[in-house]
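The values are calculated or read from the model by the stated rules, or taken from the named source; none is laboratory data. Every value quoted in this text rests on a predicted model; they were computed, and no experiment measured them. We place every Cβ from the backbone using ideal geometry, glycine too, and count neighbours over all the protein chains shown.
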Amino acid sequence: MTGLSPPTRINGRVLIVGASDASGSTGIQAAIKSISALGAFAAAAVTAVIIDEAATSHEVPPVAVAQQMRAVLADIGADVLLIGGLAGAGTIEAVADVLDGEARGIPLVLDLTDAATALLPLARIAVAVSDAADLEAQKEAAAGLARIAGAALVTSLSRGDVLADGTTLSVFPPRRGTDRPVRGAAITLAAAVAAGLAQGLPLAAAVRRGRDYVEEAILTAPDFGRGPSPLNHVHTNRHTPAASFES
């Protein structure tokens, strides 16, 4: 166990901008569950609807994406933005307009899983899955991203994570349970970091807590689905067994 405890109150607001995954394993569903499980408030602007593990997706018109963002910012507000799953140039442009307007000054966590590199210069931190051949190459990738964004977290289930903030480079060991195939680990980590930043944690502390959260989510992942397992995003909750409600 990681020592993560159930949140006692809601603290911090994260506006997620990304694709909806009907399975609940990735996309905004995974992010909403992660942010909520860590005690922050999650709102979401949908950019696309994924039907079957990204094989089929339907984009939301860019103007509607921007309208969703503006509606949330005008009402709930946001302490951090989490952006990923921007499918086309029109959507990226629409999101960038909001970032330069109503969302100006709000820290941005950028999930690069679905590529939104055009927004890198605006990011407080970019989170990317490593495709490097070894740890040294992973360090170089993190440092390269951090020269464009404010910081970068390059993650690998087998090698661990590398955090570069422009001045220091921190290497975190592999998480337990990495021999188990899972889906949605990258967006879950990005969402956990976003929650931490929204709650006022320093970047390194948000990353450490996020890693602990993801590790336990992998270790306790349910055996659902035909492929890799979805994560247990709600492991911070303490559930009352259903049997206790039986009459």
task: Would you mind stating whether residue 75 is touching a residue at least 60 places away in the same chain (Cβ under 8 Å) and either under 22 Å from residue 45 (Cβ atoms) or not hydroxyl-bearing (Ser, Thr, Tyr) (or both)?
output: no
task: Having 1 or more residues that are among the polar types (S, T, N, Q) is the bar; report the strands (runs of 3 or more DSSP E) wholly within the stretch 70-184 that clear it.
output: 152-156, 169-172
- request: Looking for whichever is within 23 Å of residue 29 (Cβ to Cβ) and surrounded by fewer than 22 Cβ atoms within 10 Å (Cβ to Cβ) here; the options are 148, 125, 106. Which one fits?
  value: 106
task: Output the residues belonging to the stretch 210-230 that are part of a loop (DSSP other than H, G, I, E, B) and surrounded by fewer than 21 Cβ atoms within 10 Å (Cβ to Cβ).
output: 220, 222, 223, 224, 225, 226, 227, 228
message: Please go through the stretch 161-197 and give me each residue that is out of contact with any helix residue (DSSP H, G or I) (no Cβ under 8 Å at 6 or more places or on another chain) and over 23 Å from residue 23 (Cα atoms), ordered by number.
response: 167, 168, 173, 174
Restricting the stretch 5-28 to residues that are among the hydrophobic types (A, V, I, L, M, F, W, C) and either surrounded by fewer than 24 Cβ atoms within 10 Å (Cβ to Cβ) or assigned to a strand (DSSP E or B) (or both), the residue that is modelled with the lowest pLDDT: 10
field: Which numbered condition residue 91 fails, given (1) surrounded by fewer than 21 Cβ atoms within 10 Å (Cβ to Cβ); (2) modelled with pLDDT under 95; (3) out of contact with any Leu (no Cβ under 8 Å at 6 or more places or on another chain)
entry: (1)
statement: Quick count over the stretch 29-43, residues being in a loop (DSSP other than H, G, I, E, B) and in contact with a Leu (Cβ under 6 Å, 6 or more places away or on another chain), is 0
- line: Note: among 142, 195, 132, 191, just one is over 19 Å from residue 34 (Cα atoms) and surrounded by 24 or more Cβ atoms within 10 Å (Cβ to Cβ), namely 142
- line: Flagged in the stretch 130-159 as in contact with a strand residue (DSSP E or B) (Cβ under 6 Å, 6 or more places away or on another chain) and either within 18 Å of residue 18 (Cβ to Cβ) or hydroxyl-bearing (Ser, Thr, Tyr) (or both), in numbering order, are 130, 149, 153, 155
